[in-house]
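Where a number appears in this text, it was derived from the coordinates with a stated rule and is not lab data. Here the structure is a predicted model, which means the values were calculated and not measured. Reconstructed Cβ throughout: ideal geometry from the backbone, glycine too, with neighbour counts over all protein chains shown.
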Amino acid sequence: MTEPHTVQSLDFATAVGLWRIEGTSGTSYTIHVDARLVLRKPAPGAATGPYDGCWMHLVGVASTEEVDVLRCGRRHRWDLDPAPGEPGFTIWWIQTEVTAIVELRPTERPDGHLPGPRDDLTGFQSGR
């Protein structure tokens, strides 16, 4: 078995494939770059929020220094659209500091579901 391919930064202008972004809280964000989809999976005891476990359209991601580039050691704001093409709203999360950016094989794609009518009823809850 080979070691997972990790990088220090991921630029959406050139990246392809499936990536897991890990943070200091243990919560992970899996990105399907080609489809512009993201799945947030909170770690046990971490804060939870609406649309956790749902594959959502990624509108954009930014730190205070760059747009559409993820970098280890930085915090990023994730802008997401739970119902692309429909009138409504976008949501956003601020991630804890990124500790790892890991490339995944297609067979390693985590399970998730498309957002449903009840997924937005769970507001953010502190993991503390």
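Can you check what the net charge comes to around TRP92, using other residues whose Cβ is under 11 Å from the Cβ of TRP92 (Lys, Arg +1; Asp, Glu -1)?
Net of charged neighbours comes to -1.
Report the gain in length on full extension from THR24 to HIS5: 0.36 nm times residue separation, minus Cα-Cα distance, nm rounded to one decimal.
4.9 nm
How would you rank 3-13, 38-48, highest first, on the average number of other Cβ atoms within 10 Å across their residues?
Highest-to-lowest ranking by the protection proxy: 38-48, 3-13.
How would you rank 83-94, 62-73, 16-27, highest first, on the average number of other Cβ atoms within 10 Å across their residues?
Averaged packing, sorted descending, gives the order 16-27, 62-73, 83-94.
Enumerate the calculated ³J(HN,Hα) couplings along region 18-26 in order (Karplus 6.51 cos²θ - 1.76 cosθ + 1.60, θ = phi - 60°), each rounded to whole Hz, writing x wherever the residue is Gly or Pro.
10, 9, 10, 10, 9, x, 5, 7, x
Amide H to amide H, which residues 5 or more places from GLY60 or on other chains are under 5 Å from it, using H placed in the peptide plane?
ASP79
Sequence gap at least 6, Cα distance under 8 Å: using those rules, report the relative contact order of the chain to the nearest whole percent.
32
Using a Förster radius of 30 Å, what is the FRET efficiency between PHE12 and LYS41 based on their Cβ-Cβ separation? Nearest 0.05, please.
With R0 = 30 Å, the Cβ-Cβ based efficiency is 0.90.
Would you mind telling me the antiparallel percentage of the DSSP bridges in the chain, rounded to 5?
For the chain, the DSSP antiparallel bridge percentage is about 95.
Note down the relative contact order for region 42-97 as a percent, whole number, built from C-alpha pairs under 8 angstrom at least six residues apart.
Averaging sequence separation for qualifying contacts and normalising by length gives 28 percent for region 42-97.
Roughly how large, in nm² to one decimal, is the mean projection of the convex hull of the alpha-carbon atoms in region 6-108?
Dividing the Cα hull surface by four gives the mean projection, 6.5 nm².
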